[in-house]
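Colleague: I have a structure here, written as structure tokens, and I will follow up with some questions on it.
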Amino acid sequence: MNEVKVLLEGHARKIKGGWIANSAAVLVRSNGKNIIVDPGCERKRLLDALKKEKLSAEDIDYVVLTHRHEDHALLAGIFRNAKVITKGSSVPGTDVRLLPTPGHTADHISIAVPTSKGLCVIAGDVFWWMDGEKQAIDVNRKDPAHVFDMEKLVESRKKILEIADYVIPGHGKMFRVEK
């Protein structure tokens, strides 16, 4: 059965002239493959977290990017043996599905992973909160940062909440979807 492990919880804080942010970096183990979703931009913390899982950058088979913003994608290149995936319907050789979830960006995807506890969706920036902000689920919530198309973002949020048992947001804590 597939395993999902949040290596680094995503965070985001607005500062004068920009942001300090790093996405959730997630390890998925599926059918003998090691997959990193959104490696982010905090190299030492990510490599230390991988080491705790008895893995190195060379052990990663696939890097899946929900979108190409730097706080999600900057470290994709450190995984020299991995194939980088930004689109498609699945991760080859696994039952990990890629779902189009536009709104934050036009080409945003989320990753659906069946696990023994239910379906876990790694949602990137379909869902995210700033540091210290209450994680209230509101499909119509206007994000404090970039939104490409709010109507599509609302549709993507609804889509994820309909299918997921658990959601890992781009920034914030994993949450269980109440059905």
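The values are calculated or read from the model by the stated rules, or taken from the named source; none is laboratory data. Just so we're clear, the structure is a prediction, and the values are computed from it rather than from any experiment. Ideal geometry is used to build each Cβ from the backbone, glycine not excepted, and the neighbour counts take in all protein chains shown. The area values use the complete protein model at the heavy-atom level, side chains included, leaving out ligands, DNA and RNA. Shrake-Rupley method; radii C 1.70, N 1.55, O 1.52, S 1.80 Å.
Colleague: Suppose every K and R has +1 on its Cβ and every D and E has -1 on its Cβ; what is the size of the dipole of the chain about the Cα centre, in Debye to the nearest 20?
Modeller: On the way: 28 positive and 24 negative charges, 54 e Å.
Using only the charged Cβ atoms, the result is roughly 260 debye.
Colleague: If amide hydrogens are placed 1.01 Å from N in the peptide plane, which non-local residues have theirs closer than 5 Å to the one on T115?
Modeller: C120
Colleague: Which Rg and Dmax, in Å, describe the Cα atoms of segment 1-78?
Modeller: Expressed in Å, the Cα Rg and Dmax of segment 1-78 come to 12.6, 45.
Colleague: Taking the Cα centre of segment 23-119 as the origin, how large is its charge dipole in debye, to the nearest 20, when only Lys and Arg (+1) and Asp and Glu (-1) carry charge on their Cβ atoms?
Modeller: That gives a dipole near 200 debye.
Colleague: What list of ³J(HN,Hα) couplings, whole Hz, do you get for segment 21-28 from phi and the Karplus terms 6.51, -1.76, 1.60, once you set θ to phi - 60° and write x for glycine and proline?
Modeller: Coupling constants for segment 21-28: 8, 8, 6, 5, 10, 10, 9, 10 Hz.
Colleague: Over segment 28-109, what is the mean sequence separation of C-alpha contacts under 8 Å (at least six apart), divided by residue count, expressed as relative contact order in percent? Walk me through the intermediate numbers first.
Modeller: Details: 133 pairs, mean separation 23.7, N = 82.
Result for segment 28-109 is 29 percent.
Colleague: Computing the accessible area with a 1.4 Å probe over protein heavy atoms, can you report the carbon and sulfur percentage for the chain? It would help to have the intermediate numbers written out before the result.
Modeller: Working: 4570 of 8950 Å².
Whole-percent figure for carbon plus sulfur exposure: 51.
Colleague: For the pairs K5/K54; K117/K179; K33/K87; K54/K173, flag any whose C-alpha to C-alpha distance is greater than 21 Å.
Modeller: Working: K5/K54 13 Å; K117/K179 14 Å; K33/K87 18 Å; K54/K173 24 Å.
Check vs 21 Å cut-off fails for K54/K173.
Colleague: Would you be so kind as to identify which of V96, S30, L47 lies farthest towards the positive end of the dipole of the chain, taking Lys and Arg as +1 and Asp and Glu as -1 on Cβ and the Cα centre as origin?
Modeller: L47
Colleague: While we're here: Report the Stokes-Einstein translational diffusion coefficient (µm² s⁻¹, integer) for the chain, Rh taken as the Kirkwood radius over Cα pairs, at 25 °C with viscosity 0.890 mPa s.
Modeller: Working: Rh = 16.0 Å.
In µm²/s, the coefficient rounds to 153.
Colleague: Next question. For segment 128-165 and segment 49-84, what is the separation of their C-alpha centers, rounded to whole Å?
Modeller: 25 Å
Colleague: Another one. Would you calculate a helix-derived [θ] at 222 nm for the chain, using -39,500 (n - 2.57) for each DSSP H run of n ≥ 4 and dividing by the full residue count, to the nearest 500?
Modeller: Details: 3 runs with 28 residues, N = 179.
Estimated from H runs of four or more residues: -4500 deg cm²/dmol.
Colleague: Next question. Give me the percent relative contact order of the chain, please, defined on Cα pairs under 8 angstrom at least 6 residues apart.
Modeller: On the way: 412 pairs, mean separation 37.4, N = 179.
For the chain, the relative contact order is 21 percent.
Colleague: Let me ask something additional. What are the ³J(HN,Hα) values, in whole Hz, obtained from phi via the Karplus relation 6.51 cos²θ - 1.76 cosθ + 1.60 with θ = phi - 60°, for each residue of segment 29-38 in sequence order, with x given for Gly and Pro?
Modeller: Values, residue by residue: 10, 9, 6, x, 9, 9, 10, 10, 9, 6 Hz.
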